[in-house]
Every structure is written in structure tokens, then in C-alpha cells.
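Asks: Can you read through this structure? Questions will come right after.
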Amino acid sequence: MPLKAELHCHLEGAAAPELVIRQAQKYGVDPSPFIQDGAFIWSDFTSFLACYDFAADLFRNEDDYARLTDHYLTSLARDGAIYSELFTSPDHAQKAGLSPRAYTDAIAEGMTRAKAKTGIEARMIVTGVRHFGVERVEAAARFAARCKHPLVTGFGMAGEERFGDTEDYVRAFEIAREAGLGITVHAGELAGWESVSDAIEHIRPARIGHGVRAIENPDLVKKIADLGVVLECCPGSNIALNVFSSFAEHPFAELRRAGCKVTLNSDDPPYFSTSLKHEYELASQHFGLTETDLISITRTAIEAAFVDRATRTALLARLPAIPRSR
Ligand code: HPA
Ligand code: ZN
């Protein structure tokens, strides 16, 4: 089993239906509009977000978040992951009654517990939610910049890509960049190649969440390869949301062949019936990646991770050396 690393997973989206049902019972909420027969109920991106918001609202205190984080990271480590970056959302925490600081400390507690058990290294990427508007995204960036938590090392933006103009969010990203945080932004998933081009031009991220619809424009693919912008690809999520109609049509292999730095990620695993392990298996099955290729994907992820040099060096040292091709 190849060692793995994950750069793109939404913490609230990692809660399994059974756990969400337990949380619903704990808080006296009826989960049946959103969970049936042990599965989340959604049919398109809008109803997926509604289901996600429902589940997120059932994590309300420090203990809920520490357990969720510990549970996800422990299972990820059992699947061979040595590194994980989790997207956090202070807006979701606040809606559920928890301050961004208490929320962040609780997630850090979960990370510490999982690391003690399994050795998995983890960091947080604070995200703003695009469709909550520019003000909220800037508030998330200000929190990320001032919290100075050692495990908060990045800032990103998730949510509805088709909402608003990318240019309007530049200030939020400048606040985060100024504070020394790594920058990633969702683009090119539900919106077309133009959204990736806008993100690169205005936000200048080190990484792009998804970015796969860049494939619609060969000049843009070349630009991504030349700039070395890393794509956080989530093929299982893309198929579940019908961004591409089959794995045969997914551009992962083509982007990789074109010299783009690509990584494998689970996004919101139980919603899309996936896991990081499953994404590595899909890549082997559908994109022809060998064991050596998969290790090089993990290496790309660690090279692009938002961590200090010593941590990166230590993580890279855990990967097997790439055998020389003859
Ligand atoms: N895409 C965009 N925004 C999100 C997602 C996603 O998969 N999950 C949670 N917020
Ligand atoms: Zn995502």
C-alpha cells in the first residue's frame, strides 16, 4: 500500500452519516430530510451544500470537533496517510455556536490525539465560504491571520464557485498572504476554465482546489505547468457531482502528462462514497498509475504542503526512494 498525503478535505465534509446521526440524536434533531438508509441525500451541488450545512450544524462544541478530527485522521492514517491538511470553516463553527478560536483549538486537540496514536502529521487551512460574500471571507482571512495557531498554515476559499467575481476576494487573500499563510482557492470544478484563469491572475495561489476544468483551454494548462501551480484533484468527487460523466473522460492523466503538478484528494469523502485510499485505487484503475507513480503523487503533495522546512524534510524522508528507470 503506497504512503499517502492529502491536501484537500473539508473537515465538516469528512463526518460519516453514522456519526452525523449520532450528533443529531445528541442534539434532538431529526436527520431524516438529509440522511436516509445510512447515506446522505443530495442530487446536485446546491443540495449537496445544503446537506453539508445541515451536518456541520450538528458539531457544536469543542468535544464534538476534537472527536471528529481525531476520528477522521486516525482512519486516514490506517489507510496509509502520513500527512493531512484539513479545510476548516470558522463560519460553520460560529453558526453552530462555537467561536473560531475555540473551534480551532478543538481541531488542534483532535490532531494531537490522532498524531499520538498514529504519527500522522496534520495542518489546518482556514477557509472562507465564497457564497457567504466578500465580507465573511475577509473576516475568515482576518481570523486566520491573527490566530497565530502553529497548526493553521494556510488560507483558502470554498463554496459556490459561480458566486461573485474572483477579483472582489483579492483583499481577503492579501490579508492571508501578508500573514505568511499558504494560499489555495477552489476553481475549475463547477465553473469553467475561466475561473481557473481568474484565480491565477488575481489571487496568485500556490495551489488550486480542483482546477481540472483548465483542460478546456490548452494555453491555460501550459501556464499551470509552467508556473508550477499544484492542482488538488478529487476525481471521485468530480464524478459524483457529474463534473465529468466518467473516469474515462476525467482529465487527471492528461493534466499530468502535460506537466501539471497533480495530487489526489477525497474532498468530502462520505458524500462522494470515497476515501483517500479509494482515490489512489481509482487512479491506479482508471488512470493507469503504477505504485511508483502513486508515490510520486504523494511526493508532489508533500512538496506542496503548507509546512515548515523541517517537517517537509522529515515527511519526504519517510517515502521510499523512486527506483531508477532503466
Ligand atoms: N466544493 C466546494 N465547496 C465545498 C465543498 C466542495 O466540495 N465542500 C464543502 N464546501
Ligand atoms: Zn473542496
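No value in this document is a laboratory result; all are computed from the given coordinates. These numbers come from a predicted model, not from an experiment. Methodologically, a virtual Cβ is constructed for each residue, glycine included, from the backbone with ideal geometry; neighbour enumeration extends over all protein chains shown.
Asks: Classify region 59-208 from the C-alpha gyration tensor, please: rounded if a/c falls under 1.5, else prolate or oblate depending on whether a/b exceeds b/c.
Replies: prolate
Asks: Right, another one. Tally Lys and Arg at +1 and Asp and Glu at -1 over the other residues with C-beta under 12 Å from the C-beta of Ala258: what net charge comes out?
Replies: It works out to a net charge of +2.
Asks: Can you work out the Karplus-derived ³J(HN,Hα) for every residue in region 122-130? Use 6.51 cos²θ - 1.76 cosθ + 1.60 with θ = phi - 60°, whole Hz, and x for glycine or proline.
Replies: Once rounded to whole Hz, the list reads 9, 9, 10, 10, 6, 10, x, 9, 3.
Asks: Please give the calculated 222 nm ellipticity per residue for the chain, where each DSSP H segment of at least 4 residues contributes -39500 (n - 2.57) and the sum is spread over every residue; nearest 500 deg cm²/dmol?
Replies: -13500 deg cm²/dmol
Asks: Let me ask something else. Compute the convex hull volume of the Cα atoms of region 128-258, divide it by the residue count, and report the result per residue in Å³ as a whole number.
Replies: Measuring per residue, one finds 103 Å³ for the Cα hull of region 128-258.
Asks: Using amide H atoms built in the peptide plane, which far-off residues or other-chain residues are under 5 Å from Thr127 H to H?
Replies: Correct list: Thr88, Ser89, Gly156.
Asks: Distance from a point 7 Å along Cα→Cβ of Lys95 to each backbone N in region 175-205: keep the residues under 20 Å and list them by number.
Replies: Output list for this probe position: 186-187, 190.
Asks: Follow-up. Put a dot 7 Å past each Cα toward the Cβ at Lys148 and Glu174; how far apart are the dots in nm?
Replies: 2.4 nm
Asks: While we're looking at this one, here's another question. Roughly how many debye, to the nearest 20, is the charge dipole of the chain about its Cα centre, given +1 on each Lys and Arg Cβ, -1 on each Asp and Glu Cβ, and no other charges?
Replies: Charge dipole of the chain: 1340 debye, to the nearest 20.
Asks: Something else about it: Taking R0 as 25 Å, what's the FRET efficiency between His131 and Ser246 from their Cβ-Cβ distance, rounded to 0.05?
Replies: 0.30
Asks: Could I ask something else about it? If amide H atoms are built 1.01 Å from N in the plane of the peptide, which residues on other chains or at least 5 residues away come under 5 Å of the amide H of Val152?
Replies: Amide H neighbours of Val152, under 5 Å, 5+ apart: Met124.
Asks: What does the highest-first list of 241-253, 289-301 look like by mean Cβ count within 10 Å?
Replies: Going from most to least packed, we get 289-301, 241-253.
Asks: Counting just the Cα atoms, what span does the chain cover along each of its three principal axes? Round to the nearest Å and put the largest first.
Replies: 61, 42, 41
Asks: Using a 7 Å offset from the Cα along the Cα-to-Cβ direction at both Thr311 and Glu291, what is the distance between the two label points in nm, to one decimal?
Replies: According to this spin-label approximation, the distance is 3.0 nm.
Asks: Amide H of Val230: which non-local residues (sequence gap of 5 or more, or other chain) have their own amide H closer than 5 Å, using H built in the peptide plane?
Replies: Sorted by chain and number, the residues that satisfy this are Arg207, Ile208.
Asks: Compute the FRET efficiency between Ala253 and Leu319 as 1/(1 + (r/R0)^6), taking r as their Cβ-Cβ distance and R0 = 22 Å, and round to the nearest 0.05.
Replies: In this case the efficiency is close to 0.50.
Asks: Another question about this same structure. Would you kindly state how much longer the chain becomes between Lys26 and Glu62 on full extension, computed as 0.36 nm times their sequence separation minus their alpha carbon distance, in nm to one decimal?
Replies: 11.5 nm
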